[in-house]
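Peer 1: Below is a structure I'd like to ask you about.
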Amino acid sequence: MKRHVLIYNPVSGDAKFRFRLDEVIEYLQLSGGMVIAFRTRQKGDIPAFILQAKELGVDSIIVAGGDGTVHEVINAMLAGEIDIPLGIIPSGTCNDFASHLNFGRHLPGCLSAITGGMWRMVDVGRVNGEYFLNVASAGLLTSVAHTVDISLKNTLGKMAYYLKGLGELPSFRSLHVKVTADGQVIEDDILLFLVMNSGMVGSFPTLAPEAKIDDGKLDLLIVNKCSISELMGLFISIFAGRHTFSNHIRYLQAANIYIECDEPVESDLDGELGPPLPLSIATVTNRLKVFRL
Ligand SMILES: Nc1ncnc2c1ncn2[C@@H]1O[C@H](COP(=O)(O)OP(=O)(O)OP(=O)(O)O)[C@@H](O)[C@H]1O
């Protein structure tokens, strides 16, 4: 009998996953599994539970939540040296990493991937001793995910992020940064940078067109200082898949990236508050097992 741990965040996304718990447990039990469920109460309570689950000797960890909850789970798994496959039931607002893996909102589809038992290895990023699965970022728009009000997310979904982002635009200043990416040095005034594992960020699927989650590289996208109207033009070119040709964008791949800034700046990791700059970022190749469709 397979023993699954199910960690779910009751406030992720529209806060409706909890109404489908019975369906999830029934599916896993009918496939011959046993389920140990854990309801998160607040940020930071996952690691202690995961260590208890390790003691019990479980076969898989399933997380139902958004990118932030997945972020907390993978950090606890990697810190606890837990080498079992992770199943993701996307029930957050953006669910960028799960969407990159083609996991949609179809619950039986996600569950069949888990009970099917096929998994793949994926890279993770490490930054200042912490891990991220999807993206590390700083600058304009990048704090939106971790600063937007939870009840707004519950009711407005992604629109809550976009509205908050629009509100940031008029007052934002550029940052002077020095980036060292596999030995290449870039020093410039920028609006934001994204260091991506998958190319899916903020539900934009092709921000990093070359990104692969098992290539041993991270994809760095820098938006240089520009005017709001030029930035609007950039957004339009993202939809057309032409943004990496813009004069305002630098796009490259690297395994090791060091980013420093001459003023205090906070970062964002997978939609959660990350460490302040400087950031020392590295790919950790093939570090995590994830169930696949
Ligand atoms: N019971 C809880 N009450 C309030 N906050 C919680 C609870 N459990 C977890 N959290 C916090 O909820 C935050 C948001 O979770 P998550 O990222 O999974 O959802 P989301 O933001 O809706 O989705 P996405 O990141 O994919 O857009 C995380 O910071 C997490 O620590």
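Please treat every number below as a calculation from the coordinates, not as lab data. Treat the numbers as computed from the prediction; the structure is a model and nothing was measured. With ideal geometry, Cβ positions are generated from the backbone for all residues, glycine too; neighbour counts draw on all protein chains shown.
Peer 1: Tell me which DSSP H helices of the chain clear both cut-offs, 24 Å or more of axial length from alpha-carbon atoms and a mean Kyte-Doolittle hydropathy of at least 0.5.
Peer 2: The answer is none, since no helix passes both cut-offs.
Peer 1: Still on this model: For residue 225 and residue 293 in one chain, what is 0.36 nm times their gap in residues minus the Cα-Cα distance, to one decimal in nm?
Peer 2: Gain on extension, residue 225 to residue 293, equals 20.4 nm.
Peer 1: Follow-up. Can you work out D for the chain in µm² s⁻¹ from Stokes-Einstein, where Rh is the Kirkwood radius over C-alpha pairs, the temperature is 4 °C and the viscosity is 1.567 mPa s?
Peer 2: 66 µm²/s
Peer 1: Moving to a separate point now. Can you list the residues of region 10-34 with backbone N under 20 Å from a point 7 Å past the Cα of residue 1, pointing along Cα to Cβ?
Peer 2: Those under the cut-off are 22-34.
Peer 1: Loop only by DSSP, 13 or fewer other Cβ within 10 Å of the Cβ. Give me the trypsin sites (Lys or Arg not before Pro) in region 49-130 that pass, ordered by residue number.
Peer 2: Within region 49-130, the qualifying trypsin sites (Lys or Arg not before Pro) (loop, at most 13 other Cβ atoms within 10 Å) are 105.
Peer 1: Moving on. Just subtract the alpha-carbon distance of residue 120 and residue 210 from 0.36 nm times their residue separation and send over the number in nm, one decimal.
Peer 2: Roughly 30.5 nm would be gained on extension.
Peer 1: Assuming 0.36 nm per residue, please report the length gained on full extension of the stretch residue 42 to residue 203 beyond their Cα-Cα distance.
Peer 2: Between residue 42 and residue 203, full extension yields an extra 55.5 nm.
Peer 1: Given the C-alpha centroids of region 11-25 and region 220-290, what is the distance between them in whole angstrom?
Peer 2: 32 Å
Peer 1: Output the peptides 282-289, 127-134, 214-221 sorted from most to least packed, where packing is the average of other Cβ atoms within 10 Å over each peptide's residues.
Peer 2: Most protected by this proxy first, the peptides run 127-134, 214-221, 282-289.
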